[in-house]
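What follows is one structure encoded as structure tokens, with my remarks underneath.
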Amino acid sequence: MFYKELTVSFFLKMVLKRIRFIILLTVVGGILCLLYANFFITPIYSAQAMVIVQNYTAKDAAAQAAQEAAQNGINDQSQIEDINDENSENNNEFNTGTVKIFASDLNASSTLADYCTILFQNNVEIQNMLNGCTMSIAQEQDSNFLWITMTSSDPQVASDTCNAVVNRITGTKEQKGLFEEIFVAGGVTAVKYSSVPSSSTYPDVRTYAIYGLIGGLAISLAISFILEMIDTTVKYDDDLFKLYKIPVFGEILDFDQKGDTNYEAKNTYYK
């Protein structure tokens, strides 16, 4: 057996020689991984809802103003009464978002939202509501908006559980919200309820197919390289020189006649 130099020419000849095998194994690898992702991996669905956390409400601001007025001997509870009245103008302004918000309020609300992510994720009551789902809560770019994400193999369960958790945090007409039970000021409001996801988030079939193609290509090249290294047949005049250390001055083509017009040429080397 003679030593083979691992040059660019060597690898190029190896690839061209077994190009069909390499393409076939690459395609087979992609198809196998595609089938595996589609039929053997349980799809996972994610449902998302968004809530907004505020460190104050219009009622809190009115109560603070009334307290400051009381220190000056003025007892005025009319603003608080208007806010509690669902038909009042102040109540409508708060619900429609026309109440003025300062930058300091937003910063404080963002900090409160950060604490709420820890609070809600570790709350025992919420943990008991998950119904086999996996929950994650994250801030939206360090703001006071929170994304509540629920993942499950059943898209309907993921959506229903996500909305149930949102209602438990924000509260309903029949039940006080978890935030209100813990904090004496501020509030949490649902911005977006989740809908039933129509497509899975895992597995990514396209990614699996790409991995299969890459894996098939790598395996086919490795097999081709091994076959080329253990192949001891002489194919080129350079191989004769490497084997016997004797230069080859020429070659004679050996023709085997097949019919009248077709010839198969074989190289026969002479030293």
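Readers should treat all values here as calculations from the given coordinates under stated rules, not as data from a laboratory. These numbers were taken from a predicted model, which means no experiment stands behind them. Neighbour counts run over all protein chains shown; Cβ positions are idealised from the backbone, glycine included.
Enumerate the amide H contacts of Val191 below 5 Å, restricted to partners 5 or more residues apart or on another chain; note that Pro and chain-start residues carry no placed amide H.
The list, which skips near neighbours in sequence, is Met50, Val51, Ile52.
For Val8 and Leu35, what does the FRET efficiency come to when R0 = 30 Å and r is the distance between their Cβ atoms, rounded to the nearest 0.05?
0.25
Between the DSSP loop rule and a limit of at most 16 other Cβ atoms within 10 Å, which trypsin sites (Lys or Arg not before Pro) in segment 111-184 are left? All intermediate terms of the calculation are to be shown ahead of the outcome.
Details: sites: Arg168, Lys173, Lys176; in loops: Lys173, Lys176.
Counting only loop positions with at most 16 other Cβ atoms within 10 Å, the trypsin sites (Lys or Arg not before Pro) in segment 111-184 are Lys173, Lys176.
Please give the contour-minus-distance gain from Ser104 to Thr134: 0.36 nm per residue of separation, less the Cα-Cα distance, rounded to one decimal in nm.
7.4 nm
By how many nm would the segment from Asn122 to Lys17 grow when fully extended, if each residue of separation counts as 0.36 nm and the alpha-carbon distance is taken off?
31.7 nm
Hey, quick one: spin label on Asp154, modelled 7 Å out along Cα-Cβ, who in segment 125-144 has an amide N within reach, i.e. under 12 Å?
Only 131-133 fall inside the zone, counting backbone N under 12 Å.
If R₀ is 41 angstrom, what is the calculated FRET efficiency for the pair Phe225 and Ser199, using the beta carbon separation as r and rounding to 0.05?
Taking R0 as 41 Å, the efficiency between Phe225 and Ser199 is 0.50.
If I stretch the segment between Ala164 and Tyr211 completely, what's the gain in nm (0.36 nm per residue apart, minus their alpha carbon distance), one decimal?
Difference between extended and current length: 13.1 nm.
Between Val27 and Tyr115, what is the label-point separation in nm under the 7 Å Cα-to-beta-carbon projection?
The two pseudo-label positions are separated by 6.3 nm.
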